[in-house]
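In what follows, a single structure is set out as structure tokens and then discussed.
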2 protein chains.
Amino acid sequence: MSSYCTATYRIYDEKGDFQRKAQSIAVGMTVGTWTELPGTKQDEMRKHLGHVERVEVHEPESGNQVERYADVSISYPDINFSRDIPALLITTFGKISMDGKIKLIDLTFSKDFLSAFPGPKFGISGIRELLGVKERPLLMSIFKSVIGYDLDGLKEQFMAQALGGVDLIKDDEILFENPLTPIEQRVRVCLEAAEEAEQITGKKLLYAVNITGRTSQLRDQALKAIDTGASALLFNVLPYGFDVLHELSSDPDITVPIAAHPSLAGAFYPSPHYGISASLLLGKLMRIAGADLVLFPSPYGSVVMPRAENLAIQRELLSSELALRTSFPVPSAGIHPGLVPRILEDFGTDVVVNAGGGIHGHPGGAINGGLAFVQAIDAALNGVPLEQAAEHMPQLKAALDIWGGSR
Amino acid sequence: MSSYCTATYRIYDEKGDFQRKAQSIAVGMTVGTWTELPGTKQDEMRKHLGHVERVEVHEPESGNQVERYADVSISYPDINFSRDIPALLITTFGKISMDGKIKLIDLTFSKDFLSAFPGPKFGISGIRELLGVKERPLLMSIFKSVIGYDLDGLKEQFMAQALGGVDLIKDDEILFENPLTPIEQRVRVCLEAAEEAEQITGKKLLYAVNITGRTSQLRDQALKAIDTGASALLFNVLPYGFDVLHELSSDPDITVPIAAHPSLAGAFYPSPHYGISASLLLGKLMRIAGADLVLFPSPYGSVVMPRAENLAIQRELLSSELALRTSFPVPSAGIHPGLVPRILEDFGTDVVVNAGGGIHGHPGGAINGGLAFVQAIDAALNGVPLEQAAEHMPQLKAALDIWGGSR
């Protein structure tokens, strides 16, 4: 029995014959030629041939400015490629990505292909277990820019975030290996701060350390961080390729959750005509590559992704169609406490509320910024309107006063 | 003395204040906040601060449908990031790639940053030396799809291409490690064929073997191929990231030229609004990462890139502004012998004429397909119109008869 992985493309063409185009992709990206082959050769090659599964043409209605396009699904025999994301992307989109207006909008994987992908090592349930938090949304805080900070400055900022009661703190993704805060020392001082804070708050937290540098050294850097006590990793996946995440996440020595940063994702997803859809790029592919948490631009803030795309990413991270652990969705950018009810409405409780400016910019400082979020999450979970909750919670009140409520 | 790398963006905005936007990027992607910092802190942070170098606003003329945009250049202090392409891309385009209509159109590198980049190990001069070909354009032949072929079938196709007199033969980029033609056996039989052919043609050739699989295994796979005698490598750079190419090309044990395939490039460059320009992606970045040859979609064939973008790529591959060896431009797709004069007109002689269908589809088979190209290159170099040369050259005549001349 042959098995196949299927790619779905959105192809724009004013007049073209989409059926023919689909056929030419199915043949061209697999056996090269078909109708010209003699019958005996066809028998031999049949198991390598791609198949057109669906061609759904969308004709623009008259007077309507929408372009003519088709959603085209083609299945590719697993026998043609190896069990890694580069091979699948090269097979399904490598050459044809350059062939006119075409966007890769989905991939479905065969059981056989997926057998090489253990997926997230922790996932939502594993992270909840590490933190001892059963049902509520988690709260993550992002270091604000710490370029040029020394270890004392870093520790001070970490401490303020930790005392605010957040569940996770992540490095700034533009903090690279540097002489002021090299990774081992950074982990050491931040963990000290985490322990001190836990004495006070009684709350555990995870610190996601940014793994950077040369590709072949990433594993060593991760192990160094973990040996020093790092409780999570942050990784800019796209500049390195999904396979590096896949290798890190499936490595038995990498014993902490990995948060995937969407750095560079805007080079892929926003065009309607080119690239790779957000739900595939930041949803399905991140999950099979093993991201335990996936950051993506929220629909609420300044760096905006449409809400529908956010929810499509969420769907892929949580879908039971993949027999893998689920990944935590982390809609990011522009998040302030007033948005919490809307985030929970959109994402439910399996979400990480992730804030930078919304914590550090609190008039009472980062500690109060964190507390305001904790209060907002509590209120939203209990169905209490934020304005009402804020009457007894000065931190939340101060946040609502400067950033407003959710609508 | 501080040194900087500079990024240039094209930013589209109907009404926005581009100067302000530029300032917010320069601060936001470096120190985070500036005007709010106390003076002593500013003194400390100044060396980490990004600078707006240029904001060139293009207002649409009235009645003109062209969108309003600005070309914005921002310099980033080297002290902020490590000496690798992922760090540079994350710093300059990581987060802001997701912030509206913005395309990264150029990067310039400081001397200090570039010091980590030895560039192409062979480059144009090194490849010419390996082949003993001083001035003329080189001729490359692409295997047509050999998925499902066994070693005999592969060798037969290799032999036909070699006997046609090509200088380079490259694997199909969708040929992965597979049980029928595993890399060591593939190299072995193709080298046998190359030697047999050389006895007949008297011409050396390079065989670029496709390096595929898991990221951490690519180096081993390359070494295996080289130990077996592979004379060049083919690598799908973008699905793995530029840093992997950088690591392979600067590895002293990788002793053969590397041809960079543009697989997946169409996910980055074609949109005017998003992504990374072709000249940066397939020109400058491929060269600093160490590609000896760079394939890209030609402006002549079915997979079309505008001629101006082709020439911009060429400029970056050859420019003396970078103190690195130059990389061979390889405009690909849709190339037939009739196009040779136009290719030479556009690219000069430092170009690789690269053909697939234009060789295999020759009515006299691949051997005659190769010969027709050799004849076309000879004629074009000597200023003889192809139609005239074809009078005495049946292979060229047959090619012109089916594919036509160059205009």
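Which pairs turn up if I take residues in the stretch B:270-287 that are within 10 Å of chain A (Cβ to nearest Cβ) and closer than 17 Å to B:T108 by Cα and look for partners that are part of a loop (DSSP other than H, G, I, E, B) and at pLDDT below 95 with beta carbon separation below 8 Å, at least 6 apart in sequence or on another chain? What qualifies is B:A278/B:M305.
Given the structure, is B:D71 among the charged types (D, E, K, R) and within 13 Å of chain A (Cβ to nearest Cβ)? No: the conditions fail for B:D71. Figure legend. Inter-residue proximity from the stretch B:337-358: first residues farther than 18 Å from B:M305 by Cβ, second residues in a strand (DSSP E or B) and hydroxyl-bearing (S, T, Y), beta-carbon distance below 8 Å, spacing 6+ or different chains. No pairs are indicated. Restricting the stretch A:1-31 to residues that are β-branched (V, I, T) and assigned to a strand (DSSP E or B), the residue that is nearest to A:I85 (Cα to Cα) is A:T6. Would you confirm whether or not the stretch A:229-236 contains a residue that is at the interface with another protein chain (Cβ under 9 Å from one of its Cβ atoms) and within 25 Å of the chain's Cα centre (by Cα)? The answer is yes; a qualifying residue exists. Within the stretch A:14-24, restricting attention to residues that are more than 12 Å from chain B (Cβ to nearest Cβ) and modelled with pLDDT of 95 or more, the residue that is surrounded by the most Cβ atoms within 10 Å (Cβ to Cβ) is A:A22. In the stretch B:111-122, the residues that are farther than 18 Å from B:A87 by Cα reach residues that are of a type in the set (K, R) with C-beta atoms within less than 6 angstrom, at least six apart or across chains, in these pairs: B:P120/B:R325.
Out of the residues in the stretch A:92-120 that are in contact with a Ser or Thr (Cβ under 6 Å, 6 or more places away or on another chain) and buried (at least 19 other Cβ atoms within 10 Å of the Cβ), which is nearest to A:T181 (Cα to Cα)?
For the stretch A:92-120, the residue satisfying everything is A:P120.
Quick one: would you say B:S320 is of a type in the set (G, A, S), away from chain A (no Cβ under 11 Å) and over 23 Å from B:L206 (Cβ atoms)? It is true that B:S320 is of a type in the set (G, A, S), away from chain A (no Cβ under 11 Å) and over 23 Å from B:L206 (Cβ atoms). Checked against (1) surrounded by fewer than 23 Cβ atoms within 10 Å (Cβ to Cβ); (2) in contact (Cβ under 8 Å) with a residue 40 or more places away in the chain, B:Q161 passes all but condition (1). Residues that are at positive phi, touching a residue at least 24 places away in the same chain (Cβ under 8 Å) and of a type outside the set (A, V, I, L, M): list the helices (runs of 4 or more DSSP H) wholly contained in the stretch B:187-269 that include at least 2 such residues. No helices (runs of 4 or more DSSP H) qualify here.
Number of residues in the stretch B:374-407 that are part of a loop (DSSP other than H, G, I, E, B) and either among the polar types (S, T, N, Q) or over 16 Å from B:L139 (Cβ atoms) (or both): the value is 10.
Kindly indicate whether any position in the stretch A:198-210 is of a type in the set (G, A, S), crowded, with 24+ Cβ neighbours inside 10 Å and over 30 Å from A:D13 (Cα atoms). Yes, the conditions are met somewhere in the stretch A:198-210. All conditions in (1) at pLDDT below 95; (2) surrounded by 24 or more Cβ atoms within 10 Å (Cβ to Cβ); (3) aliphatic (A, V, I, L, M) hold for B:I288, with the sole exception of (1). Filtering the stretch B:356-367 to residues that are part of a helix (DSSP H, G or I) and buried (at least 21 other Cβ atoms within 10 Å of the Cβ) leaves B:G358, B:I359, B:H360, B:A366. The condition (being touching a Pro at 6+ places or on another chain (Cβ under 7 Å) and not assigned by TED's automatic domain parsing to the domain that holds B:P252) is satisfied by just one residue among B:L89, B:L107: B:L89. Of all residues in the stretch A:124-162, those being in a helix (DSSP H, G or I), within 22 Å of B:E36 (Cβ to Cβ) and away from every other protein chain (no Cβ under 14 Å) number 5.
Scanning the stretch A:29-43 for residues that are of a type outside the set (F, W, Y), surrounded by 16 or more Cβ atoms within 10 Å (Cβ to Cβ) and free of Cβ contacts under 8 Å to residues at least 24 places away in the same chain gives A:V31, A:G32, A:L37.
Here the stretch A:74-88 is the region considered, the condition is being in contact with a Cys (Cβ under 8 Å, 6 or more places away or on another chain) and assigned to a helix (DSSP H, G or I), and the residue that is farthest from the other protein chains (Cβ to nearest Cβ) is A:D78. Within the stretch A:89-106, the set of residues being closer than 22 Å to B:G213 by Cα and at the interface with chain B (Cβ under 7 Å from one of its Cβ atoms) comprises A:L89, A:I90, A:T91, A:F93, A:G94, A:K95, A:S97.
Once the stretch A:301-355 is narrowed to residues that are surrounded by 24 or more Cβ atoms within 10 Å (Cβ to Cβ) and assigned to a loop (DSSP other than H, G, I, E, B), the residue that is modelled with the highest pLDDT is A:S327. Screening B:A398, B:A380 for residues that are touching a Leu at 6+ places or on another chain (Cβ under 9 Å) and modelled with pLDDT of 95 or more leaves exactly one candidate, B:A380.
The values are calculated or read from the model by the stated rules, or taken from the named source; none is laboratory data. Note that the structure is a prediction, hence the values are computed from the model and not measured. With ideal geometry, Cβ positions are generated from the backbone for all residues, glycine too; neighbour counts draw on all protein chains shown.
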